[in-house]
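To start, the structure under review is shown below, and the notes come after it.
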Amino acid sequence: MNIHLSNLSGKALYEQIYDQIKTQILEGSLKEGAPLPTIRGLAKDLRISVITTSRAYSDLERDGYICSVVGRGTFVAERNQDFVRERNREELEEHIARAAEIADRCGMDEEAFAELAKTVYRRQKKC
């Protein structure tokens, strides 16, 4: 598990940890059932407070990405394809909403926005 923290990002450290672990789970680089470092171990590795890692783990567990088993540790939660698909769709909708706001600021109409989205999508599919 790779986590890179930046004091310059504008995001709280626990949010950076949450986002990076969530992304690794949704992309499949952290498989379901995979053990995660202990809260203390991760805090030590990242040279941050145990409270910070605890907050990130707590939020990840609340949102269904990880689960803690007393006496055994913390693991990537078992999830089904519908869960992953829905979470990815929610993330996509958030990105599209932000892109639509920018398009509106640029004076772009719906048709031009849709055409730009198609162009970008096709370019990504070629890669």
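If the cut-off is 19 Å between C-alpha atoms, which lysines fall inside it for residue 31, apart from same-chain ones fewer than 8 positions away?
Within the straight-line limit of under 19 Å, residue 31 reaches these lysines: 22.
Percent relative contact order of the chain, based on C-alpha pairs within less than 8 angstrom and at least six residues apart?
Taking the mean separation of contacting Cα pairs over the length of the chain, I get 20 percent.
What do you reckon, how do 125, 22 stack up by accessible area (1.4 Å probe), largest on top?
Largest to smallest exposure gives the sequence 125, 22.
For q = 0.22, 0.28 Å⁻¹, what log10 I(q)/I(0) does the stretch 22-91 give under the Debye formula with an equal point scatterer on each alpha carbon and no solvent?
Rounded to two decimals, the profile gives -0.98, -1.32.
Work out the charge dipole of the stretch 23-127 with +1 on the Cβ of Lys and Arg and -1 on the Cβ of Asp and Glu about the Cα centre, then indicate which of 65, 102, 30 is farthest towards its positive end.
The Cα lying farthest towards the positive end belongs to 30.
Could you check the simple spin-label distance between residue 49 and residue 67, using points 7 Å along Cα→Cβ, in nm with one decimal?
3.1 nm
Given the options 56, 103, 43, state which has the largest fluctuation in a GNM of the chain using a 10 Å cut-off (strictly under) for Cα springs.
Taking springs between Cα atoms under 10 Å, the residue moving most is 103.
With every protein chain present, what accessible area does residue 38 have (1.4 Å probe, heavy atoms only), rounded to the nearest 10 Å²?
Rounded to the nearest 10, the figure is 90 Å².
Could you give me the percent of Cα pairs per 5 Å distance bin for the stretch 56-127, shortest bin first, beginning at zero and ending with the bin that holds the maximum distance?
3, 13, 14, 16, 14, 10, 10, 10, 5, 3, 2, 0
Could you work out how far helix 110-126 tilts from the main Cα principal axis of the chain, as a 0 to 90 degree angle to the nearest 10?
The answer is roughly 60 degrees.
Starting from the amide H of residue 36, placed 1.01 Å from N in the peptide plane, find each other amide H under 5 Å away whose residue is 5 or more places distant or on another chain.
74, 75, 76
With every protein chain left in place, what is the accessible area of residue 67 in Å² (1.4 Å probe, nearest 10)?
50 Å²
Kindly express, to the nearest 10 degrees and within the range 0 to 90, the angle between helix 81-105's C-alpha long axis and the longest C-alpha principal axis of the chain.
50 degrees
Computed from the mean reciprocal separation of all distinct C-alpha pairs, what Kirkwood hydrodynamic radius does the chain have, in Å?
On the way: mean 1/r = 0.0596 Å⁻¹.
Computed over the chain, the radius equals 16.8 Å.
The values are calculated or read from the model by the stated rules, or taken from the named source; none is laboratory data. Model, not experiment: these values are computed from the prediction. Every residue, glycine among them, receives a Cβ derived from its backbone with ideal geometry; neighbour counts consider all protein chains shown. With ligands, DNA and RNA removed, areas are computed over all heavy atoms of the protein, side chains included. Shrake-Rupley method; radii C 1.70, N 1.55, O 1.52, S 1.80 Å.
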